[in-house]
1. Based on what the data block shows, is residue A:14 under 14 Å from the mean Cα position of the chain (by Cα), more than 30 Å from residue B:50 (Cα to Cα) and loosely packed, with under 13 Cβ neighbours inside 10 Å?
2. Among the strands (runs of 3 or more DSSP E) contained in the range B:23-89, which hold 1 or more residues that are β-branched (Val, Ile, Thr), modelled with pLDDT of 95 or more and surrounded by 13 or more Cβ atoms within 10 Å (Cβ to Cβ)?
3. What residue, among those in the range B:71-110 that are within 15 Å of residue A:94 (Cα to Cα) and of a type in the set (Gly, Ala, Ser), is farthest from the other protein chains (Cβ to nearest Cβ)?
4. Tell me, which strands (runs of 3 or more DSSP E) wholly within the range A:1-84 include 1 or more residues that are within 13 Å of chain B (Cβ to nearest Cβ)?
5. Going by what's in this entry, would residue A:68 be described as of a type in the set (D, E, K, R), surrounded by 19 or more Cβ atoms within 10 Å (Cβ to Cβ) and under 18 Å from residue B:102 (Cα atoms)?
Amino acid sequence: NAGVTQTPKFQVLKTGQSMTLQCAQDMNHEYMSWYRQDPGMGLRLIHYSVGAGITDQGEVPNGYNVSRSTTEDFPLRLLSAAPSQTSVYFCASSRSTDSGNTIYFGEGSWLTVV
Amino acid sequence: TQLLEQSPQFLSIQEGENLTVYCNSSSVFSSLQWYRQEPGEGPVLLVTVVTGGEVKKLKRLTFQFGDARKDSSLHITAAQPGDTGLYLCAGVANFGNEKLTFGTGTRLTIIP
């Protein structure tokens with residue numbers, strides 16, 4: 001069972017470089033999101049999407065772009081990397097049930113900006 | 001922005017002891033979730049509580065949602081080394097809105 005797949009697992013960037021973190025899910029979930037996790041700050045929502053063609057900003061969107069051309073894929077783009085974007089990034093997808101949302105996270109992408 | 005504060009931030013106890021982790025907010029949530037995260041992995045959902053005052057049990061773990069739906073607790077009985085991990089609470093502001101607000105986390109270490 002693939003679930004939510006993120007690539008790459010590890011990446012080192014130089015300040016000013018751009019890159020894309022890939023995220024794919026095979027559960028036909030409408031809702032997908034990107035979080036970053038920093039020590040002592042929990043997970044903070046960057047961008048989210050409620051379906052193909054629809055995206056919106058989360059709590060910390062600056063410096064990141066997203067697109068949702070298909071239900072399965074939700075890439076996160078860093079346009080000009082900064083050291084403040086050094087973090088662990090998690091992609092998630094979810095579905096609603098009668099008892100609430102069931103959210104599945106990828107294994108994370110460790111990004112270091114030097 | 002709704003904030004969720006967890007306490008304690010770090011907890012290290014001996015195997016077999018009991019412990020409680022708290023998740024508090026000044027905001028009301030329609031539901032609250034608890035996750036456990038192990039090193040190098042993403043968070044994994046443990047439970048969702050929806051009704052004020054609700055109590056759910058998952059083996060040795062007991063989860064409670066506050067009556068006012070502003071706080072929650074996680075109680076572990078007879079802790080085992082396998083319980084070691086980062087515990088995160090997360091609140092949903094409005095039912096059907098799938099945006100989560102995460103707490104700051106409690107890093108739990110169980111010493112054999």
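1. Working: under 14 Å from the mean Cα position of the chain (by Cα): no; more than 30 Å from residue B:50 (Cα to Cα): yes; loosely packed, with under 13 Cβ neighbours inside 10 Å: yes.
In short, no.
2. Numbers: elements: B:31-37, B:44-49, B:55-58, B:61-65, B:71-76.
Passing ranges, in order: B:61-65, B:71-76.
3. Among residues in the range B:71-110 that are within 15 Å of residue A:94 (Cα to Cα) and of a type in the set (Gly, Ala, Ser), the one farthest from the other protein chains (Cβ to nearest Cβ) is B:91.
4. Details: elements: A:4-7, A:10-13, A:19-25, A:31-37, A:43-51, A:54-57, A:64-66, A:76-78.
Hits in the range A:1-84: A:4-7, A:10-13, A:19-25, A:31-37, A:43-51, A:54-57.
5. Values: of a type in the set (D, E, K, R): yes; surrounded by 19 or more Cβ atoms within 10 Å (Cβ to Cβ): yes; under 18 Å from residue B:102 (Cα atoms): no.
No; evaluated as a whole, the condition is false for this residue.
The values are calculated or read from the model by the stated rules, or taken from the named source; none is laboratory data. It should be emphasised that the depicted structure is a prediction, and the values quoted were computed from it without experimental measurement. A quick note on method: Cβ atoms are made from the backbone with ideal geometry, for glycine too, and the neighbour counts reach across all protein chains shown.
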